[in-house]
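Everything below concerns the one structure shown next.
Throughout, read-outs are computed from the coordinates displayed, never taken from laboratory work. Computed from a predicted structure; not experimentally measured.
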Amino acid sequence: MRYPNRRYGNPTEFAYYVATHGDGVKGVARTLRRDERTVRRWLNQTAKLPWWVPEILRLQRMESAEIVRQMTGHYPRRLAVVTHDAQLELRRQAEKKPQPMEALRLDEFDQMAQGLITRAQ
C-alpha cells in the first residue's frame with residue numbers, strides 16, 4: 001500500500017453497519033457527514049467505498065459499547081469450556097436462599113462470647 005487513499009473499504013462490512021444503524025442510510029449519511037446519494041452509491045457499489053468509512057463506523061460502535069459497559073458495569077459473563085465430548089453448559093451463580101430465623105444462632109451475634117467486648121471491671 002503506497003497511499004492510504006488508494007485502499008478501498010469492504011462493501012459487505014459497510015452494508016452491515018448501514019443495516020444495523022438505527023436510521024439506516026439517512027443516519028449513516030448524517031454520521032459520516034456525507035450526502036445520502038453518496039451513501040447509496042457506496043451501498044450499490046457504483047462508487048468505490050473509501051477505506052476510512054467502515055473503520056469509522058466500527059470504531060464508533062466499539063466506543064459506544066465501551067461507554068455503556070463503563071456506565072452500567074455490565075461485562076460479559078463467563079461461559080463454560082466446551083470439549084469434544086461435552087455439551088455446552090452455561091455457568092450460573094448459585095442462588096442463595098435466605099435462612100430462616102430459627103437457623104441463626106445467638107452465638108454468632110453475641111459479641112461478649114466472641115471476645116470482642118470485655119466486661120468493664
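Quick note on segment 1-66: its Rg to Rh ratio, both from C-alpha atoms and Rh being the Kirkwood radius, is 0.96. Here's the list of lysines a cross-link from Lys48 could span, going by alpha-carbon distance under 23 Å and ignoring same-chain residues fewer than 8 apart: Lys26. Couplings 3J(HN,Hα) for segment 14-26, derived from phi with the Karplus relation 6.51 cos²θ - 1.76 cosθ + 1.60 (θ = phi - 60°), are 5, 4, 5, 5, 5, 5, 8, 6, x, 9, x, 4, 5 Hz, where x marks Gly and Pro.
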